[in-house]
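The values are calculated or read from the model by the stated rules, or taken from the named source; none is laboratory data. Treat the numbers as computed from the prediction; the structure is a model and nothing was measured. Here the Cβ is made from the backbone with ideal geometry for all residues, glycine too, and neighbour counts use every protein chain on show. We work out accessible area using only protein heavy atoms, side chains counted, and drop any ligands, DNA or RNA first. Shrake-Rupley method; radii C 1.70, N 1.55, O 1.52, S 1.80 Å.
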Amino acid sequence: MGRHREFDVEKVLDAALCVFWRKGYEGASYADLTEAAGVERPALYSAFGNKEALFRRALERYYERYLDYIPDALQLQTSREVAERMLYRAADLNTRYPNHTGCLNINGALAVSDEAESVRQALIDVRAAGEVQFRERFERAKAEGDLPETAKPEALAAFLMAVLHGMAVQAKAGFSRDVLEAVAEQALSTWPAAGTRQG
């Protein structure tokens, strides 16, 4: 029978999440992780496996705890409301914690070595899945007459993702919430006006 763990796995995972959020995958060393978690490296290995496995667990937790507004946003009545909720919530999240600004997903993927290619690919896949969700939502908006016939759902989804990613990078560079909200407002000013609803 294995020895009972002497630390709270949930707290350790939260601590690791914050380190990855602040430093990215490559930038977070085992020394950073063990210091933040308050446990020794063997215990960290025992609980989570290697660094990549720990990062993947932290990423799952990030989506569950901090990006839980995305499913709600997708259910809003109009495509503009979807975009507005996403942009303003991102501006908030990206600047809410002074010690780890920006987005864990973006911070984790910006600088990754060849050895961490599987992590970079996992982050790309997560973002691609998000873009598909937006595209499908905007396709429905177009079919319902909420977007004009000339609207391009795929381009709108890519545009929204590009602005969200740019805001995350700006937050990491020290831009304030007010500036990010101004960016969101500017992006929304270009949103296609509603079309004629189809019967």
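When you scan the range 95-118, do you find a residue that is among the β-branched types (Val, Ile, Thr), closer than 22 Å to Leu74 by Cα and surrounded by fewer than 20 Cβ atoms within 10 Å (Cβ to Cβ), even just one? So far as the range 95-118 goes, no, none of its residues is among the β-branched types (Val, Ile, Thr), closer than 22 Å to Leu74 by Cα and surrounded by fewer than 20 Cβ atoms within 10 Å (Cβ to Cβ).
Exactly one residue among Gly174, Gly145, Gly166 is out of contact with any Ser or Thr (no Cβ under 7 Å at 6 or more places or on another chain) and open to solvent by less than 50 Å² (accessible area, probe 1.4 Å), and that residue is Gly166. Residue pairs whose Cβ atoms lie under 9 Å apart, sitting 6 or more positions apart in sequence or on different chains, and linking a residue in the range 136-149 that is free of Cβ contacts under 8 Å to residues at least 24 places away in the same chain to a partner that is of a type in the set (D, E, K, R), are Glu139/Glu154; Arg140/Asp146.
Looking only at residues in the range 33-67 that are of a type in the set (Asp, Glu) and under 22 Å from the mean Cα position of the chain (by Cα), the one that is least open to solvent (accessible area, probe 1.4 Å) is Glu52.
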